[in-house]
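Here's the structure we're looking at; comments come further down.
The values are calculated or read from the model by the stated rules, or taken from the named source; none is laboratory data. Being a predicted model, the structure only gives us computed values, none of them experimental. No Cβ is skipped: glycine too gets one built from the backbone with ideal geometry, and neighbour counts run over all protein chains shown. What goes into the accessible areas is simple: the full protein's heavy atoms, side chains included, and nothing from ligands, DNA or RNA. Shrake-Rupley method; radii C 1.70, N 1.55, O 1.52, S 1.80 Å.
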Amino acid sequence: MTDVFDDLAAEYHQLDAVLESLTPDQWSQPSAAEGWTVSDVVLHLAQTEEAVTGPAITEARAFLPDGETTVDGMAEDMVAAERGMTPADLLARWRKAAFATPGALRAHPPGTRLSWVRTPLSPRTLATTRIAEHWAHALDITVPLGIPYPDTARLRHVAWLAHRTLPYALAVAGLPDAPVFCDLTAPDGSRWTFGDPDAPNQITGLASEFCRVGARRLTPEQTGLVAEGPQAADALRLVRNYAA
């Protein structure tokens, strides 16, 4: 894959162009994230980006070490506590945090583990999760407003993350690990593969749909994805590219 830190910066710039174009009325419109306006989504992204460069990031701990507090619950509380910022202030806050993130992550020495939601992550993996979150929330903003947000080759990082975390997703659901081979068609028509081609379970189809299923922006039934093998349907149902 291409450099994840460069791709993270590119994802930020693609979203920044959208945010800069929004009218004050559009900032107050409902997003596709239930209960949140466009402003709420950007506030959430700013808050989580600030954590990436915050002082606790190098402590190599989980921010939520158990299941008593959900990720969604924590995010909702954080947004509720700071609602009311103007669009200009929100955009400036998000830009300050987001544009500092790629360089900050790149600067960590090899082997570093960084604090994150459920488990410490490497800088590269954390960068991948930031691509996934910004891409998914960009859809939450652009789809309801009818603004184009083209899929790019950066979705390869998102698809990799979804496949890489399948064992965790299955374990959380109380299911055994299941080797899965993903054979996906990229936005440019090329082929992306993840896993062992001889695995007993296979998922094939569009990478854009696979990533949207992993982000819970589509259900498997709303896509043309094909799941073959004894545990493939469960894997596709449970795949995700975000912390929960």
Next item on the list: May I ask you to list the residues in the range 196-244 that are among the polar types (S, T, N, Q), surrounded by fewer than 21 Cβ atoms within 10 Å (Cβ to Cβ) and either without any contact (Cβ under 8 Å) to a residue 12 or more places away in the chain or not in a strand (DSSP E or B) (or both)?
Entry: S208, T219, Q222, T223, Q231
Margin query: Let me spell it out: the conditions are (1) exposed (fewer than 12 other Cβ atoms within 10 Å of the Cβ); (2) under 18 Å from R124 (Cα atoms); (3) basic (K, R), and R83 meets all of them except one. Which number is the exception?
Written below: (2)
Check: Got a number for residues in the range 145-164 being in contact with a helix residue (DSSP H, G or I) (Cβ under 8 Å, 6 or more places away or on another chain) and part of a helix (DSSP H, G or I)?
Finding: 9
Note to self: Can you report the number of residues in the range 162-195 which are without any contact (Cβ under 8 Å) to a residue 60 or more places away in the chain, hydrophobic (A, V, I, L, M, F, W, C) and under 24 Å from Q222 (Cα atoms)?
What the structure shows: 8
Checklist line | In the range 1-54, residue nearest to T86 (Cα to Cα) [restricted to those that are open to solvent by 40 Å² or more (accessible area, probe 1.4 Å), among the small types (G, A, S) and without any contact (Cβ under 8 Å) to a residue 24 or more places away in the chain] | finding: S28
Next item on the list: Could you tell me which residue of the range 95-119 is nearest to E11 (Cα to Cα), considering only residues that are open to solvent by 30 Å² or more (accessible area, probe 1.4 Å) and in contact with a strand residue (DSSP E or B) (Cβ under 9 Å, 6 or more places away or on another chain)?
Entry: H108
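This table checks each residue for (1) part of a helix (DSSP H, G or I); (2) closer than 19 Å to A138 by Cα; (3) not acidic (D, E).
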{"residue": "L8", "(1), (2), (3)": "yes, yes, yes"}
{"residue": "L19", "(1), (2), (3)": "yes, yes, yes"}
{"residue": "D40", "(1), (2), (3)": "yes, yes, no"}
{"residue": "T58", "(1), (2), (3)": "yes, no, yes"}
{"residue": "T69", "(1), (2), (3)": "no, no, yes"}
{"residue": "G84", "(1), (2), (3)": "no, no, yes"}
{"residue": "D89", "(1), (2), (3)": "yes, yes, no"}
{"residue": "A92", "(1), (2), (3)": "yes, yes, yes"}
{"residue": "L105", "(1), (2), (3)": "yes, no, yes"}
